[in-house]
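Here's the structure we're looking at; comments come further down.
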Amino acid sequence: MSDAAATSSRTIRGLLGATRGTNGRLHWTDVFTYMYLGFGVLLMFGPVIWLVLSSFKTSSALLEFPPTFLPLGQIEIQVEGYDDPLPLFEATLEDGSVKQLAQVRRIGIMSQMVDPENPGETIQVPINRRTEVREFRMALENYRDPLERFDFTRYLYNSVVVTVVATLVTLLINSMAAYGLAIYEFRGRAAIMLLVIGTLMIPITVILVPVYLVVTSMGMINSLWAVILPGAATPTGVFLLRQYMLTIPRDLIEAARMDKASEWAIYWKVVLPLAMPAMAVLAIFSIMWRWNDFLWPLIVLNRSEVYTLQVGLNAFQGELDVQWHYILAMTVVTLIPVTLVFAFLQKFITTGIASSGMK
Amino acid sequence: MAQQSDQTTGDRLASLAGAPVRLLFRALDPLFTAIQRGIGTKRMPWIFLLPNLVFFGLFVILPLFINFFYSLTGGTQLYLTDRPFIGTEQYGYLLDCEAFTDPQTCREDRFWKGIYNTLVFIFFQVTFMVLFSLITALILNREIRARGFFRAVFFFPVLLSPVVVALIWKWILLRDGILNAFLVSIGLDKILFFVSPEWSMFWAIFVSIWAHMGFYTLILLAGLQAIPPDLYEAAEMDGTSKERVFWRITLPLLWPNMLVVIVLALIKGVQIFDEVFVLTGGGPGTATQFIVQYIYNTGFTNQVQNFGLASAASVVLGVALFVLTMAQLAATRRKDDV
């Protein structure tokens, strides 16, 4: 008997996950935990799912209130004797019966309808006595149109160029600096480290105007370089890489020197390959920073042909006649790369943040 | 077996991507070897530091000095040499208030409105951010099912761009949005959120917490996991109550991480701009216009680009951030001591 009770309590615990409650009973904190988590999933993930679902709705479906959950489109059917496909409605007839009818045309508040099974005669139905028959349908034109007709392909291209080039430049110059600071003992190293840590504290928001001046005098306004270059020397990156390179055994470097390797060769053949895990973390961070960057590009990119996705999206949503069906679709396009990176590299990102306290 | 083949595919991909990189490094080899021969191995670290230092100098150090000089000049010209020196006039203009508690009485009322809005914002945002991050971290630290999944869910919004975050919520909060549909379905009236100053501020705070909470949760979770489990075991053996364990063990040992989280959230909060700018545009009126948006508007969007005034405001912001960063350093040092 007691054996059976123990087994059942074990299975209950197995079902609900390991709990802090004793004897399989749920402590109130366990109930609270799962309620909190359930609500959390809804609150954190729900808005993103709602965005994705909405992005597949037609512009007219988006105007509906209350909104439907899934993207729906009205069914259109081919009726004998009519060239174009006709929209299908569910109509309540005068005798009270409900029938699926296709609408031929609408005149004022009356709708001229036809029974698909009996196309010969037309039936008059008041428009308030009919409802659309709809099916699940995704409005892919929301995605196609902005990419084909508007400049979004251009924005996408600009964003990719900025992200890739900036990340490569960042990786190269930051790893060089980190190598210099980690491997060598030289006068002035402490001062440079102080400088690096000091610049960690200076966000771009504090020096917007003078950086704008520097970028303007270099003739880079409205070019992608104005976005790529100012943030390339990241103190975060130098710091992260240096800390990692400090753990590389000195014997390896001494051995390479014995073999008459040049300092440059030691950097890229010995140290860089060993620092790859830290480089990967910096690469992921850099991709996130650049892809999501907004304020600085907003300031230096003033012409549509150099907009990045973020700036383009903002310009698009700021227009008087907001075309939400396009905005939603392009928002989804903007979040796809980040989501992919997250899905595959979550471990890297979370350990990177937890160990460096930076993002 | 499958993993092994994955590994080799991954390696092959890596070496394929690495090929042009290796080619580049090899091509640079003769150049750097020549430099090394020319200046000697001892000076080589400076060569490695050079590119980064040039970038730092050009885009951080130099601007820092220019910023200060800018704030002492007037006029509308961009280049410093074209601008007349006016001393501390910009600061005088910014700080000219009859009563500092009321932005209306200030000559530059938008600046003060920005400061007051920012103070209100960071007070509520940081308080609730820390509170919810702590609760979430405590819950994720329990022995729950699918912990990895839940952790990922709470962390995901951190990676989204501010523009995406703002548009997601704008879409939900519109007049005919899903939130209003919900309100109507439970018998309430629609609310025009972005017409009301209070609601706009509420959603600005809510959305920024939503977007950044996962980051702080992660730091607190790392702190919780670093607490030695034998402390809890000892407490359990002594029959200590859960509440007591929390107040006497968990919270004191987590406190260094809490400090870091609070100061980091303050530093980020003072600089709030992106997501609120896209969400509310600073409106209605100036109800959600913060200090960074004031700088942006003054320097870059107004008809007359007032770079001097924007710089002076940046210097004020910079001083505030400097104080906060010093606090952060102190907090981090305490953390390392423990």
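For the range A:165-199 versus the range A:104-128, the spacing of their alpha-carbon centroids is 76 Å.
Computed from point charges on the beta carbon alone (+1 for Lys and Arg, -1 for Asp and Glu), the dipole magnitude for the protein assembly as shown about its Cα centre is near 2460 Debye. The slack between residue A:223 and residue A:129, meaning 0.36 nm per residue of separation minus the straight C-alpha distance, is 28.0 nm. Taking a ≥ b ≥ c as the square roots of the eigenvalues of the Cα gyration tensor, chain A is oblate, since a/c reaches 1.5 or more and a/b is not larger than b/c.
Quick one: angle between helix A:2-16 and the longest Cα principal axis of chain A, in degrees between 0 and 90, rounded to 10, please. Taking Cα atoms only, the helix is inclined about 90 degrees.
Of the GluC sites (Glu not before Pro) found in the range B:82-144, those in coil by DSSP whose Cβ has at most 12 other Cβ atoms within 10 Å are B:98, B:143. Peptide B:256-265 shows a mean partner chain C-beta count of 1 within 10 Å per residue C-beta. Roughly what angle does helix A:28-54 make with the longest principal axis of chain A, taking Cα atoms, 0 to 90 degrees, to the nearest 10? Long axis of A:28-54 versus the principal axis of chain A: about 70 degrees.
Lysine pair count for the protein assembly as shown with Cα-Cα distance under 24 Å and sequence separation of 8 or more or different chains is 13. Assuming charge only on the beta carbon of Lys and Arg (+1) and of Asp and Glu (-1), the dipole of the range B:90-337 about its Cα centre is about 400 debye to the nearest 20. Subtracting the Cα-Cα distance of residue B:21 and residue B:206 from 0.36 nm times their residue separation leaves 62.2 nm of extension gain.
Here's the picture: charge each Lys and Arg Cβ at +1 and each Asp and Glu Cβ at -1 in the range A:133-267, and of A:181, A:202, A:265 the one pushed furthest to the positive end of that dipole is A:202. The slack in the chain from residue B:176 to residue B:78, taken as 0.36 nm per residue of separation less the alpha-carbon distance, amounts to 30.8 nm.
With neighbours defined as other Cβ atoms within 10 Å of a residue's Cβ, the residues A:105, A:130 order from fewest to most as A:105, A:130. The relative contact order of the range A:101-219, computed from alpha carbon pairs under 8 Å that lie at least 6 residues apart in sequence, is 9 percent. Along the axis of the charge dipole computed for the protein assembly as shown (Cβ charges of +1 for Lys and Arg, -1 for Asp and Glu, origin at the Cα centre), the listed residues B:39, A:229, B:177 are led at the positive end by B:39.
Summary value for chain A: 18 percent relative contact order, contacts being C-alpha pairs under 8 angstrom separated by 6+ residues.
I want to verify the translational diffusion coefficient of the range A:72-136 in µm²/s; compute it with Stokes-Einstein, Rh as the Kirkwood radius over Cα pairs, at 10 °C and 1.306 mPa s. The estimated diffusion coefficient comes to 135 µm²/s. If one computes the Cα centroid of the range B:293-327 and of the range A:280-353, what distance in Å separates the two points? If we compute the Cα centre of each part, the gap is 25 Å. For the protein assembly as shown, the Kirkwood radius over C-alpha pairs fed into Stokes-Einstein at 25 °C and 0.890 mPa s yields D = 84 µm² per second. Modelled spin labels at residue A:39 and residue B:99, positioned 7 Å past Cα toward Cβ, are 4.0 nm from each other. Net charge in the neighbourhood of residue B:199 (other residues with Cβ under 15 Å of its Cβ; Lys, Arg +1, Asp, Glu -1) is +1. Against chain A, whose longest principal axis comes from its Cα atoms, helix A:276-292 is set at around 50 degrees.
Residue by residue along B:149-156, Cβ atoms of other protein chains within 10 Å of the local Cβ number 6 on average. Rounded to whole Å, the principal axis extents of the Cα atoms in chain B read 79, 70, 44, largest first. Taking label positions 7 Å along the Cα-Cβ direction at both residue A:49 and residue B:225, the computed distance is 2.6 nm, reported to one decimal. With a cap of 13 neighbouring Cβ atoms within 10 Å, and only residues DSSP puts in a loop, list the trypsin sites (Lys or Arg not before Pro) found in the range A:149-214. Taking the range A:149-214 and a limit of 13 other Cβ atoms within 10 Å, the loop trypsin sites (Lys or Arg not before Pro) found are A:149, A:187. For the pair residue A:321 and residue A:141, a Förster radius of 22 Å applied to the C-beta separation gives a FRET efficiency near 0.80, rounded to the nearest 0.05. Among complete DSSP H helices in chain B, those whose alpha-carbon atoms stretch at least 24 Å along the helix's long axis and whose mean Kyte-Doolittle hydropathy reaches 1.6 are B:251-270. If R0 is taken as 22 Å, the Cβ-Cβ distance between residue B:34 and residue A:255 corresponds to a FRET efficiency of 0.40. Inter-label distance, residue B:54 to residue B:42: 2.6 nm, where each label sits 7 Å from its Cα along the C-beta direction.
Across the range A:143-356, the relative contact order, built from alpha-carbon pairs under 8 Å that are at least six residues apart, equals 34 percent. Toward the positive end of the charge dipole of the range B:90-337, about the Cα centre and with charges on Cβ (Lys, Arg +1; Asp, Glu -1), which of B:197, B:276, B:163 goes farthest? The listed residue farthest towards the positive side: B:163.
The Cα center of the range A:206-267 and the Cα center of the range B:151-222 differ in position by 37 Å.
Read-outs throughout are calculated quantities, based only on the coordinates presented, and are distinct from any laboratory measurement. Note that this is a predicted model, so its numbers are computed, not measured. No Cβ is skipped: glycine too gets one built from the backbone with ideal geometry, and neighbour counts run over all protein chains shown.
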